[in-house]
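Everything below concerns the one structure shown next.
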Amino acid sequence: MTQRSRMLGAALLLLLLTIILSACGGTPVAQNWPGLTLAGDTIYAISGSPQQVYMLDAGNGTISGTFSPVAETKGTIWWSPVTVGGGLAFVGHTASDTEAATLYAFDPETGQEQWKVAAESLILPAPFYADGVVYFGASDGCVYAADVETKRLKPGWPPIDDTGELACQAQEAIWATPLVADGRVYVAAMDHHVYSLDAETGEVLWTSQVGGAMAAPPTLVVEDGVLYVGAFDGQLYAIKAESGELVEGFGFEASNWIWSKVLALGDQIFVTSLDGNLYALDPANGAEIWSYCGTVKEDSGRCKDTVLRAGPVDAGGSIIIATESGELTAVVDAVRQWNWPSGTPQADILTTPVVSEDMIYVILMDGQVQALEVENGAQAWTFTPPESK
């Protein structure tokens with residue numbers, strides 16, 4: 001398969017999903033969803049028109065630097081969220097006019113480009129940094145790994161067959177960030193499979209098939225050696241990290257897609273669904289402990305499909321959820337503590353918020369970054385990218 005055909009296929013897949021989400025209440029966008037990352041005292045927000053990475057002071061939202069590839073591009077641009085590690089920041093960038101898919105390493109304080117490596121297709125998920133290596137998935141189904149010291153892709157990442165063609169681990173796109181732990185790379189793919197790879201060689205150690213595509217990475221509970229991952233068939237799966245076997249006796253199914261990453265917290269796990277609910281579950285068997293409905297239909301009293309696509313977030317005693325319609329809610333034991341904003345929402349939210357001590361940060365689909373107080377949701381500051389004013 002040529003690079004052009006991979007790029008076109010990935011673009012068509014993304015367009016198809018946009019149409020599907022629009023039918024489900026989603027919002028079609030010309031570029032991918034804005035990214036939001038918190039590392040230390042800096043927020044990395046992919047925002048503006050044209051989009052670029054803004055480095056913001058987490059205390060007041062002022063700009064400390066920006067990053068964007070030097071070359072000017074036209075057409076559609078896709079970004080991955082930023083990842084910071086090993087003294088560098090990493091971001092995926094793909095331009096439809098040049099079909100160039102690139103992982104960039106830049107200075108996390110100044111935004112100055114340090115080096116880059118090319119991929120064969122769209123880099124949509126955030127990279128993962130571990131032990132001097134940056135792992136990232138792409139829409140061609142391959143997992144790539146770049147060595148920070150050599151500034152090159154590691155041999156065998158991505159795998160190449162005897163004819164010189166890509167022999168990707170997955171048969172369809174990878175939209176979920178790889179998870180690296182204990183010398184293994186765990187990857188959830190759109191082909192209904194979770195893969196375990198040797199973090200050094202890239203060898204496939206096991207594969208585990210589930211009943212739907214997956215857009216979020218698995219969550220590993222180290223003490224139990226179990227991976228939890230939700231899929232588009234509405235089911236949550238528990239997989240043994242060592243062998244890839246499904247945990248016997250575990251089962252949970254929502255009434256719509258599970259898009260978000262699972263949150264493991266204490267003796268409970270939490271997951272949101274496009275059916276509008278936040279679920280608290282028993283990690284041993286998936287039994288529902290309680291659920292919270294984002295919006296209740298006034299006429300029937302049933303839960304409205306609020307579309308909870310962003311993942312639940314731990315806010316030190318409460319769970320923060322974001323609705324696609326643009327609201328944030330703090331929940332404790334199925335009881336709402338506060339809701340933001342108090343009036344009509346400004347824009348959709350499709351990106352998972354991040355929390356640091358007493359502050360919550362969220363990016364809206366219009367590119368604004370909002371900083372809110374964990375205790376009551378009071379607005380601390382707002383960042384609007386200059387191009388959007």
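Computed values, structure above
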{"quantity": "Close pairs from segment 323-340: first in contact (Cβ under 8 Å) with a residue 60 or more places away in the chain, partner buried (at least 18 other Cβ atoms within 10 Å of the Cβ) and of a type in the set (A, V, I, L, M), Cβ under 6 Å, at least 6 apart", "calculated": "E324/V307"}
{"quantity": "Any pair with Cβ under 7 angstrom, 6 or more apart, that starts in segment 31-60 at a residue that is over 17 Å from S356 (Cβ atoms) and ends at one that is among the acidic types (D, E)", "calculated": "G48/E387; S49/E387"}
{"quantity": "T73 at pLDDT 90 or above, of a type outside the set (D, E) and part of a loop (DSSP other than H, G, I, E, B)", "calculated": "no"}
{"quantity": "Of the criteria (1) out of contact with any strand residue (DSSP E or B) (no Cβ under 8 Å at 6 or more places or on another chain); (2) surrounded by 20 or more Cβ atoms within 10 Å (Cβ to Cβ), which one V194 fails", "calculated": "(1)"}
{"quantity": "Residue match in segment 122-131 (condition: farther than 13 Å from A199 by Cα and without any contact (Cβ under 8 Å) to a residue 24 or more places away in the chain)", "calculated": "no"}
{"quantity": "Any hit, segment 247-255, residues being surrounded by 24 or more Cβ atoms within 10 Å (Cβ to Cβ), β-branched (V, I, T) and at pLDDT 95 or above", "calculated": "no"}
{"quantity": "Tally of residues being in a loop (DSSP other than H, G, I, E, B) and not small (G, A, S) across segment 189-243", "calculated": "16"}
{"quantity": "Failed criterion for Y44 (all others in (1) surrounded by fewer than 22 Cβ atoms within 10 Å (Cβ to Cβ); (2) part of a strand (DSSP E or B) hold)", "calculated": "(1)"}
{"quantity": "Residues within segment 250-275 that are part of a strand (DSSP E or B), aromatic (F, W, Y) and without any contact (Cβ under 8 Å) to a residue 40 or more places away in the chain, tallied", "calculated": "1"}
{"quantity": "Complete set of residues in segment 165-180 that are farther than 16 Å from A238 by Cβ and either in contact (Cβ under 8 Å) with a residue 40 or more places away in the chain or not in a loop (DSSP other than H, G, I, E, B) (or both)", "calculated": "E165, L166, E172, A173, I174, W175, A176, T177, P178, V180"}
{"quantity": "Residue among G92, G59, G111 that alone is at pLDDT 90 or above, under 25 Å from D147 (Cα atoms) and in a loop (DSSP other than H, G, I, E, B)", "calculated": "G111"}
{"quantity": "Criterion (within 24 Å of V185 (Cα to Cα), surrounded by 20 or more Cβ atoms within 10 Å (Cβ to Cβ) and modelled with pLDDT of 90 or more) met by exactly one of I269, I321", "calculated": "I269"}
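The values are calculated or read from the model by the stated rules, or taken from the named source; none is laboratory data. As the structure is a computational prediction, the values presented were derived from the model and not from experiment. Reconstructed Cβ throughout: ideal geometry from the backbone, glycine too, with neighbour counts over all protein chains shown.
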